[in-house]
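Visitor: The structure is given below, and queries will be raised subsequently.
Read-outs: derived from the displayed coordinates by stated rules, not from any lab. Note that the structure is a prediction, hence the values are computed from the model and not measured. Positions of Cβ are generated from backbone atoms using ideal geometry, with glycine treated the same way; all protein chains shown enter the neighbour counts.
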């Protein structure tokens, strides 16, 4: 049964398309942070190891929430890495093992990319698709990325 929540079918499709890109981006970023968590070494190993764990744990929760939001709006949720890689605004870096400082810089860039993408999604959900609920949802997700980016940025002060 399709949701009858005051949003047209066309607008629900637009919103779930945005959420699907958000989900794909979260999945790619989550996988990248896990890779860095597993491969970080050198000075401050444990500090970076725990920082990356904190971030991928937060993203794991966010991924589930985005997927459930898509379902709540009546759409199916994609769930493969192939789909995620295709739709993500963040790109993978296979075969590359940066230094810990380079990992932090790359993740900072990725979080900032996610933030900019989420900002566009917030505006589109509210202005184009008249879905304040998803707009609010994306704002909260964006604020989580802002906090993660802030923590990473502090390594460069």
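Visitor: Among the listed residues 66, 28, identify the single one that is closer than 18 Å to residue 134 by Cα, buried (at least 20 other Cβ atoms within 10 Å of the Cβ) and within 14 Å of the chain's Cα centre (by Cα). Before you say what the answer is, go through the steps one by one.
Guide: Details: 28 fails: closer than 18 Å to residue 134 by Cα.
66 is the lone residue from the list that is closer than 18 Å to residue 134 by Cα, buried (at least 20 other Cβ atoms within 10 Å of the Cβ) and within 14 Å of the chain's Cα centre (by Cα).
Visitor: Are any of the residues in the stretch 119-136 loosely packed, with under 15 Cβ neighbours inside 10 Å, without any contact (Cβ under 8 Å) to a residue 40 or more places away in the chain and on the phi > 0 side of the Ramachandran plot?
Guide: No.
Visitor: Residues 100, 88: which one is closer than 13 Å to residue 33 by Cα and either exposed (fewer than 13 other Cβ atoms within 10 Å of the Cβ) or touching a residue at least 40 places away in the same chain (Cβ under 8 Å) (or both)?
Guide: Details: 88 fails: closer than 13 Å to residue 33 by Cα.
On inspection, the qualifying residue turns out to be 100.
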